[in-house]
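Below is one structure, written out as structure tokens; the observations come after it.
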Amino acid sequence: MEVQEAFEQFEAAVRSATADRRSPEKKKTMALCLRKILVVTGKTEKDLPSIIRVDRTTIGRWLAGESIPHRSQRENLRRVLSPDSLEETFSED
């Protein structure tokens, strides 16, 4: 799975969970999509707080499907973990 596809699935799941905040299943789907992003980008849950500047407990709540990232946080995720950003990171080495 490509990073772009993973982000598209994540955004769709976030929209669905936001539209129906009472549905724990939709939040769990969003959490699974976020985990897919981590897998395809080679990042871990421990990497995210420093990458997007949020507390590790916040990341834990997202991955547990307990809360939904705010738009600005999702934009930071996409900006930092997009294929272009990852290429720049690796080309600097």
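The values are calculated or read from the model by the stated rules, or taken from the named source; none is laboratory data. Not measured: the values here are computed from a predicted model. Note: ideal-geometry Cβ built from the backbone for every residue, glycine included; neighbour counts use all protein chains shown. For accessibility, only protein heavy atoms count, side chains too; no ligands or nucleic acids. Shrake-Rupley method; radii C 1.70, N 1.55, O 1.52, S 1.80 Å.
Give the angle, between 0 and 90 degrees and rounded to the nearest 10, that separates the Cα long axis of helix 3-19 from the longest principal axis of the Cα atoms of the chain.
20 degrees
Solvent-accessible area per residue for the chain at a 1.4 Å probe radius, Å²? Please list the in-between numbers first.
Details: 5910 Å² over 93 residues.
Value returned for the chain: 64 Å² of accessible area per residue.
Sum -39500 (n - 2.57) across every DSSP H segment of at least 4 residues in the chain, then divide by the residue count to get the 222 nm mean residue ellipticity, nearest 500.
Values: 6 runs with 68 residues, N = 93.
Only helices count here, giving -22500 deg cm²/dmol.
Could you work out the local net charge near Lys26, counting Lys and Arg as +1, Asp and Glu as -1, over the other residues with Cβ closer than 10 Å to its Cβ? Walk me through the intermediate numbers first.
Numbers: positive: Arg15, Arg21, Arg22, Lys27, Lys28; negative: Asp20, Glu25.
Result for the local shell: +3.
Need the C-alpha centroid separation for segment 10-29 versus segment 59-83, integer Å.
If we compute the Cα centre of each part, the gap is 13 Å.
Angle between the Cα long axis of helix 24-41 and the longest principal axis of the chain, 0 to 90 degrees, nearest 10?
The two axes meet at around 10 degrees.
Using DSSP to call loops (not H, G, I, E or B), can you name the trypsin sites (Lys or Arg not before Pro) in segment 56-85 whose Cβ has at most 15 other Cβ atoms within 10 angstrom? Please list the in-between numbers first.
Values: sites: Arg56, Arg61, Arg71, Arg74, Arg78, Arg79; in loops: none.
Taking segment 56-85 and a limit of 15 other Cβ atoms within 10 Å, no loop trypsin sites (Lys or Arg not before Pro) are found.
Compute the signed sum of charges (Lys and Arg +1, Asp and Glu -1) over the other residues within less than 12 Å, Cβ to Cβ, of Ile59. Walk me through the numbers before you get to the answer.
On the way: positive: Arg35, Lys43, Lys46, Arg53, Arg56, Arg61; negative: Glu45, Asp47, Asp55, Glu66.
After counting each charged neighbour, the total is +2.
By the scheme Lys and Arg +1, Asp and Glu -1, what is the net charge of all other residues having a beta-carbon under 11 Å from that of Val40?
Numbers: positive: Arg35, Lys36, Lys43; negative: Glu2, Glu5.
Net of charged neighbours comes to +1.
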